[in-house]
Amino acid sequence: MSDNGPAEGPDGKLRCPWGLSAPEYLGYHDEEWGRPLHGDTAIFERLCLEGFQSGLSWLTILRKRENFRAAFAGFEPRAKITAVINNARATLGLSDGLDALVWTYAGEPGPAPATLADVPASTPASKALSAELKRNGFTFTGPVTAYATMQACGIVNDHLAGCFCRDR
């Protein structure tokens, strides 16, 4: 993966370069990542997947995504599994829902990053969201995971300047 600007895809469209590094990324980049997402279940799924990604590659998570959905209850207990169960309870305890909580951290859109090097790992908003999630009983939701969730749910738009998905 390059930290240069957008790269040309197989269809001639410019994309964020990470979206071209594996076939699974192409559809995820073009159809999901950075698009506004609503609904407690949908946001909870992204938050959980981002938590599982910590320490792994996102490609690993994408390749196993359907398995996560189909067989989650069959996993042996691990810290991240316990965190998902805990976070499910915490989600159910939110009076206004996870969707409302997460979207309160949406700000005004900033300038488009020119390269991947311009995309932060966390922001003041993701640090505040992480703290709020922790206050509400969530675990494995640090500022980097919170920011990745914000990106995945379209709360922030980190598609690079020149990427055809930027203004969709």
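The values are calculated or read from the model by the stated rules, or taken from the named source; none is laboratory data. Keep in mind that this is a model prediction, so the values were computed, not measured. Backbone-built Cβ (ideal geometry, glycine too); neighbour counts: all protein chains shown. Keep in mind that these areas ignore ligands, DNA and RNA; they rest on the heavy atoms of the full protein, side chains included. Shrake-Rupley method; radii C 1.70, N 1.55, O 1.52, S 1.80 Å.
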(request) Run down the lysines and flag those whose C-alpha is under 16 Å from the C-alpha of Lys134, throwing out any fewer than 8 positions away in its chain. (result) Lys80
(message) With viscosity set to 1.002 mPa s at 20 °C, what whole-number translational diffusion coefficient in µm²/s follows for the range 76-167 from Stokes-Einstein and a Kirkwood radius over Cα pairs?
(response) 151 µm²/s
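For the range 25-144, what % of the accessible area comes from carbon and sulfur atoms, probe 1.4 Å?
Working: 3850 of 6610 Å².
Of the solvent-accessible surface of the range 25-144, carbon and sulfur hold 58 percent.
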(message) Taking the Cα centre as origin and putting +1 on Lys and Arg beta-carbons and -1 on Asp and Glu beta-carbons, what dipole magnitude results for the range 119-168, to the nearest 20 debye?
(response) 100 debye
(request) Convert each backbone phi in the range 4-10 into a coupling constant with the Karplus relation 6.51 cos²θ - 1.76 cosθ + 1.60 (shift: θ = phi - 60°), then list the ³J(HN,Hα) values in order as whole Hz, x for Gly and Pro. (result) 6, x, x, 10, 6, x, x
(message) I need two numbers for the range 2-66: Rg to one decimal and Dmax as a whole number, Cα atoms only, in Å.
(response) 12.9, 36
(message) Residues of the range 39-71 with the amide nitrogen closer than 17 Å to a label point 7 Å from the Cα of Asn86, along Cα-to-Cβ, please.
(response) 47-55
(request) Note the per residue figure in Å³ for the convex hull of the C-alpha positions in the chain. (result) 111 Å³
(message) Through the Karplus equation 6.51 cos²θ - 1.76 cosθ + 1.60, θ set to phi - 60°, convert the phi angles of the range 91-97 into ³J(HN,Hα) values in whole Hz; use x for Gly and Pro.
(response) 4, 5, x, 6, 5, 9, x
(message) For the chain, what does the accessible surface come to per residue with a 1.4 Å probe? Please give it in Å².
(response) 52 Å²
(message) Taking the 0 to 90 degree range and rounding to the nearest ten, how far is the long axis of helix 40-53 tilted relative to the main principal axis of the chain, both from C-alpha atoms?
(response) 80 degrees
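Add -39500 (n - 2.57) for each DSSP H run of 4 or more in the chain, then divide by its residues: what number comes out at 222 nm, to the nearest 500 deg cm²/dmol? If you can, show how the numbers build up before the last one.
On the way: 8 runs with 79 residues, N = 168.
Computed ellipticity for the chain at 222 nm equals -13500 deg cm²/dmol.
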(request) Name the residues whose placed amide hydrogens come within less than 5 Å of the amide hydrogen of Arg35, ignoring near sequence neighbours (fewer than 5 apart) on the same chain. (result) Gly154
(request) Give the long-range amide H neighbours of Leu14: residues separated by 5 or more places, or on another chain, with amide H under 5 Å away, using H modelled in the peptide plane at 1.01 Å from N. (result) Gly9, Phe164
